[in-house]
Amino acid sequence: MKLLIASRNRHKIEEIRAILNLPAVDLADIEAFPNLPEVVEDGHTFQSNAVKKAVTLALMARVWTLADDSGLEVDALTGAPGVQSARYAGEPVNYEANNVKLLEALRDHEVRTARFRCVVALASADGRAQIVDGTCAGKIIHECRGTGGFGYDPLFVPDGYDQTFAEMDPSLKNQLSHRARALKQARELWGELLASAAPSWPSFRKPRPPRA
Ligand code: IMP
């Protein structure tokens, strides 16, 4: 069975492929479907963006689709950058500028607790979706450390560790991360849906206008 990974972010795709080990599933990248549009992430929650991406692309590509929406929530910034994580410092997406802006915003803050969140939506080819989520708590340090990973990884130290995500071996990040935790549940969900063919899943498909 084919499962489309609805992301154009190379780092995310690599992590998803490394974590999501589904038997008898052919994981397909979005490049394999050249006519699919860019889905605008204009929702106010990770959930709405993940569902929008998964359902829109599943209906267009006519295959099972997995989408993730993720970001960083910083307590001292009342949850920012949150759903704006990718574009925190503006367009185009620039990880370094985002990190500089985050350090500046936290300059006078001693409380630096934060968490990464990831919502994964799994949509069937007829637009029915289920979501799962994962969180990884930690803190924001005072300067970037490490060269691995992406995004805010050089500034984020997960609870119980001394290294940032960018300093860790990727296989360790892929055990601890918000994405790993969400994808672990997605794996369980996948087993469930194969058993049930998902008849009771909610449909997020927009109602058709009445015929004239
Ligand atoms: P998305 O593509 O809208 O989900 O954007 C997620 C943004 O959140 C990314 O551009 C990163 O800035 C940040 N982010 C999400 N997951 C991670 C992660 O695992 N490490 C570092 N930054 C992340």
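Laboratory data are not the source of any read-out in this text; all were calculated from the coordinates shown. Please read all numbers here as calculations on a predicted model, not as lab measurements. Because the Cβ atoms are built from the backbone with ideal geometry, glycine has one as well, and the counts that use them run over all protein chains shown.
For every residue, the table says whether it meets (1) surrounded by 20 or more Cβ atoms within 10 Å (Cβ to Cβ); (2) farther than 28 Å from A58 by Cβ; (3) in contact (Cβ under 8 Å) with a residue 60 or more places away in the chain.
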residue: A129; (1), (2), (3): yes, no, yes
residue: C136; (1), (2), (3): yes, no, no
residue: H142; (1), (2), (3): no, yes, no
residue: G160; (1), (2), (3): no, yes, no
residue: F165; (1), (2), (3): yes, yes, no
residue: L172; (1), (2), (3): no, yes, no
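Listed by position, the strands (runs of 3 or more DSSP E) inside the range 2-107 whose residues that are within 28 Å of S124 (Cα to Cα) and not hydrophobic (A, V, I, L, M, F, W, C) number at least 2 are 26-29, 64-74. Residues in the range 12-31: is at least one among the polar types (S, T, N, Q) and either within 21 Å of L59 (Cβ to Cβ) or in contact with a strand residue (DSSP E or B) (Cβ under 8 Å, 6 or more places away or on another chain) (or both)? Taking every residue of the range 12-31 in turn, none turns out to be among the polar types (S, T, N, Q) and either within 21 Å of L59 (Cβ to Cβ) or in contact with a strand residue (DSSP E or B) (Cβ under 8 Å, 6 or more places away or on another chain) (or both). For T135, the criteria (1) in contact with a strand residue (DSSP E or B) (Cβ under 9 Å, 6 or more places away or on another chain); (2) among the polar types (S, T, N, Q); (3) part of a loop (DSSP other than H, G, I, E, B) hold in every case but one, which is (3).
Residue count for the range 68-81 satisfying the condition of being within 12 Å of the ligand (Cβ to nearest atom) and free of Cβ contacts under 8 Å to residues at least 24 places away in the same chain: 1.
Could we say that A114 is small (G, A, S) and part of a strand (DSSP E or B) here?
Values: small (G, A, S): yes; part of a strand (DSSP E or B): yes.
Yes, satisfied.
The residues listed here are R179, R187; of these, the one that is touching a helix residue (DSSP H, G or I) at 6+ places or on another chain (Cβ under 9 Å), among the basic types (K, R), near the ligand (Cβ under 10 Å from one of its atoms) and not in a loop (DSSP other than H, G, I, E, B) is R179.
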